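Inspection log for the structure reproduced underneath, given as structure tokens.
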Amino acid sequence: MNLVNRFFRVRIYKALLLLVIILLIGVFGYRFISNYSWIDALYMSVITMTTVGFSEVMPLDDESKIFTIFLILASVVILGYAVSIITEFILSKNDVEELKHKRMQKMIDSFNEHIVICGYGRNGKQAARKLMAHKKQFVVIEKNKELEERLQLDEVPYVIGNANEDEVLNAAGVNRASSFISALPNDADNLFVVLSARQLNSTINIISRASNESSYDKLKFAGANNVILPDKIGGDHMASLVVVPGLMEFIDNLSIVGKSDINVEEVPVEKLYDTQNLKSIKELDVRRKTGCTVIGFKSEKGEYIVNPEADLILVPNSKVIFLGRPEQIALLNSVYNII
């Protein structure tokens with residue numbers, strides 16, 4: 001796009017320069033050939049170049065008529081050139097934008113088991129940054145077209161449109177997505193979007209934002225797996241920083257990918273070993289291989305165990321939560337081909 005803009009910018013500047021040159025030729029020509037004043041010379045040059053058809057300031061002699069013919073012909077050619085350049089630029093810009101949208105839609109159509117973020121406000125942007133840090137595939141649905149440039153600068157795959165419409169949700173691949181984050185500022189909009197997403201994909205994991213606690217049960221009833229109240233979380237977090245500041249600071253560091261000394265990763269058991277021959281945490285020996293420590297276990301029923309015993313059997317459809325420094329987590333992902 002920058003190359004296209006640069007190419008047309010040079011041509012537009014060239015056309016403007018030619019217009020200025022022909023205007024100056026007209027002014028000096030009428031000033032010295034027809035003995036007009038500078039104002040009259042400028043006036044005659046402008047009405048001649050624009051072919052508006054006003055009468056001359058004073059009758060023209062033969063030399064002035066010949067000069068006027070030359071000025072008219074040159075002006076028509078240069079003005080035509082300038083108009084064609086501007087028209088071509090506008091059409092080419094539209095074509096380029098359309099081509100970019102087609103390429104992006106083609107890329108989105110290739111996504112599978114990705115995450116869809118509805119809304120690119122404060123919460124939506126934070127979610128996108130987190131997913132990008134984890135190298136997860138995601139698509140943003142944003143209604144406000146004015147944010148399109150921001151999305152492009154952030155290099156975020158997006159769909160411009162109203163998430164209340166099934167066409168827009170389908171364009172984002174909701175039917176193929178694994179998770180859906182509804183981060184709209186209005187609870188009523190989130191409710192409708194959650195209903196639509198659940199209707200299009202009965203198995204998708206839906207996380208919705210809510211501004212009011214009264215909306216919690218409604219969003220859960222509409223199909224949201226989890227409902228987040230940012231204001232409540234923010235208040236609880238600030239209070240916790242007063243009560244247990246050291247612990248909260250430690251927990252905060254766990255969530256900053258690539259910027260802290262430690263990190264957390266959740267891994268499906270199937271990624272760690274062949275579950276046909278069941279193994280325990282001790283037998284897996286991840287600590288020796290990667291340096292990561294097992295700090296949690298999520299059973300196939302969704303129950304969490306903090307600091308599980310070493311002899312705990314890792315059954316299918318369960319997950320293991322590891323703690324480690326970024327380089328250790330990277331080694332874990334490499335050894336077990338997690339990413």
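What follows is calculated from the coordinates using simple rules that are stated; it is not laboratory data. Being a predicted model, the structure only gives us computed values, none of them experimental. Neighbour counts run over all protein chains shown; Cβ positions are idealised from the backbone, glycine included.
From most to least packed by mean Cβ count within 10 Å, the peptides 301-307, 317-323, 165-171 give 317-323, 165-171, 301-307. Magnitude of the charge dipole for the chain, about its Cα centre and with charges confined to Cβ atoms of Lys, Arg (+1) and Asp, Glu (-1), is about 660 debye. For the chain, the mean residue ellipticity at 222 nm estimated from helices alone is -17000 deg cm²/dmol, where every DSSP H run of n ≥ 4 contributes -39500 (n - 2.57) and the total is divided by all residues, rounded to the nearest 500. Scanning residues 5 or more positions from PHE180 or on other chains, those with amide H under 5 Å from its amide H are VAL116, ASN205, ILE206, ILE207, with H placed 1.01 Å from N in the peptide plane. Computed 3J(HN,Hα) for the range 66-74, one whole-Hz value per residue from the Karplus formula 6.51 cos²θ - 1.76 cosθ + 1.60 where θ = phi - 60°, is 4, 5, 5, 4, 4, 5, 4, 4, 5, glycine and proline marked x.
Once backbone amide H atoms are built at 1.01 Å from N, LEU312 has ILE281, LYS282 as its partners under 5 Å, excluding neighbours fewer than 5 places away on the same chain. On the principal axes of its alpha-carbon atoms, the range 112-234 has extents of 37, 31, 27 Å, going from largest to smallest.
Once you sort the root eigenvalues of the Cα gyration tensor of the range 189-339 as a ≥ b ≥ c, which label holds: rounded (a/c under 1.5), prolate (a/b larger than b/c) or oblate (the other case)? Show your work: numbers first, answer last.
Numbers: a/c = 2.27, a/b = 1.38, b/c = 1.65.
Verdict is oblate for the range 189-339.
Number of Lys-Lys pairs in the range 274-322 with C-alpha atoms under 17 Å apart and a separation of 8 or more places or on different chains: 7. For the chain, the longest principal axis of the C-alpha atoms and the axis of helix 245-254 are separated by about 70°. 3J(HN,Hα) couplings calculated from phi for the range 207-217 with the Karplus curve 6.51 cos²θ - 1.76 cosθ + 1.60 (θ = phi - 60°) are, in sequence order, 10, 10, 7, 9, 8, 10, 5, 5, 8, 4, 5 Hz; Gly and Pro show x. Karplus-derived 3J(HN,Hα) values for the range 113-129, using 6.51 cos²θ - 1.76 cosθ + 1.60 with θ = phi - 60°, are 6, 8, 10, 10, 10, 9, x, 10, x, 4, 5, x, 5, 5, 5, 5, 4 Hz; glycine and proline are entered as x.
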